[in-house]
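See structure below.
The values are calculated or read from the model by the stated rules, or taken from the named source; none is laboratory data. Quick caveat: nothing in here was measured; it's all calculated off a predicted structure. In this analysis, Cβ positions are derived from the backbone assuming ideal geometry, glycine residues included, and neighbour counts consider all displayed protein chains. Note: accessible area is taken over every heavy atom of the protein model, side chains too, but ligands, DNA and RNA are not part of it. Shrake-Rupley method; radii C 1.70, N 1.55, O 1.52, S 1.80 Å.
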Amino acid sequence: MTYLINSKANTSFITASGQVETIGTEIFERALADVQLVIESLNDIPVDVFSILGMRNLSAFIGELFAKSLVKESENRYVGNPHQDGYPDLLLMDAHGLNLYEDIRLKNGLRDKFPFSPFANGGLEIKATCGDVPTPAKCAKLNMTKPHIGDTRISLMTGYTWKAHHRETNNLVGILWDFFNGVPKIVAVFFGSDLSPEDWGAIVQPKEGGGRTTSVSIMKREGIGKMYRNWIAVEDDRRYIDYINRYNRGHLI
């Protein structure tokens, strides 16, 4: 596993108490290694876990793996949000965060959604995507087959973005992943601490009878550009380097 690391990446953000919080790039590096160890160990068991999960759940799983790895590698400077629908995903446990968390625990316990949606001290939001590829019909016109689970997608990738349930998502760790030899692998990590509601599209409500069960907002190209300009790690593979640069009309990597 070899990643290019951006030594100039801005991995700092302003906390709720007005302090500057910085996450060392080495923490992201170690988290990437942790994730890959877990994924490779799953590939060794006699059950195809990746197919069982399906693409949507697999993408969420990879995001969760990276979040848990950041908790570990930050030595619990961040902890997971105790409510599954709360945000952000990782809560900052500086002095202010620790006091707030303990106060919530004593007053309401940790099962109530309200104090964790959002958590007043903030933290990090983690989102993963495997990118977009053409529909089966479009792939057929190109004499290609739409990638299945386990198929490398980069040669057909038409874009990538991240989705949120509200337009205030910030301090975002954005993950792009693909399959390598049938196994999922994170191929790029970006960080956005300067995202604004204008970087996200309108919130689309679920349609009655449709497959989507929650409202969703999709990041606009302006937001993706901000994330690109603050890339943290990219797989040292020209396919991904060239694609990410080309998609963002730049040459930063």
For V189, the lone unmet condition from (1) surrounded by 14 or more Cβ atoms within 10 Å (Cβ to Cβ); (2) in a helix (DSSP H, G or I) is (2)
The residue that is farthest from P184 (Cα to Cα), considering only those in segment 88-117 that are modelled with pLDDT of 95 or more and outside any helix (DSSP H, G or I), is D94
When (1) of a type outside the set (D, E); (2) on the phi > 0 side of the Ramachandran plot; (3) touching a helix residue (DSSP H, G or I) at 6+ places or on another chain (Cβ under 7 Å) are applied to H83, the one that fails is (2)
The residue that is most open to solvent (accessible area, probe 1.4 Å), considering only those in segment 126-160 that are of a type in the set (S, T, Y) and under 18 Å from the mean Cα position of the chain (by Cα), is T129
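For segment 36-48, which residues satisfy the criterion of being closer than 21 Å to L176 by Cβ and at pLDDT below 95?
E40, L42, N43
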Over segment 8-50, the set of residues more than 18 Å from D89 (Cα to Cα) and in a loop (DSSP other than H, G, I, E, B) is K8, A9, N10, S17, G18, Q19, G24, D44, I45, P46, V47, D48
Matching residues in segment 107-125 (farther than 12 Å from G86 by Cα, in contact (Cβ under 8 Å) with a residue 24 or more places away in the chain and open to solvent by 20 Å² or more (accessible area, probe 1.4 Å)) number 0
The residue that is farthest from A164 (Cα to Cα), considering only those in segment 70-88 that are buried (at least 22 other Cβ atoms within 10 Å of the Cβ) and free of Cβ contacts under 8 Å to residues at least 60 places away in the same chain, is Y78
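Does any residue of segment 227-239 turn out to be open to solvent by 40 Å² or more (accessible area, probe 1.4 Å), closer than 20 Å to T152 by Cα and in contact (Cβ under 8 Å) with a residue 24 or more places away in the chain?
Scanning segment 227-239 turns up at least one residue that is open to solvent by 40 Å² or more (accessible area, probe 1.4 Å), closer than 20 Å to T152 by Cα and in contact (Cβ under 8 Å) with a residue 24 or more places away in the chain.
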Expected single match for surrounded by 18 or more Cβ atoms within 10 Å (Cβ to Cβ), in contact with a Phe, Trp or Tyr (Cβ under 7 Å, 6 or more places away or on another chain) and assigned to a helix (DSSP H, G or I) among L58, L53, L65 is L58
Among T169, T145, the single one that is in contact with a Leu (Cβ under 8 Å, 6 or more places away or on another chain), outside any strand (DSSP E or B), closer than 24 Å to R56 by Cβ and among the hydroxyl-bearing types (S, T, Y) is T169
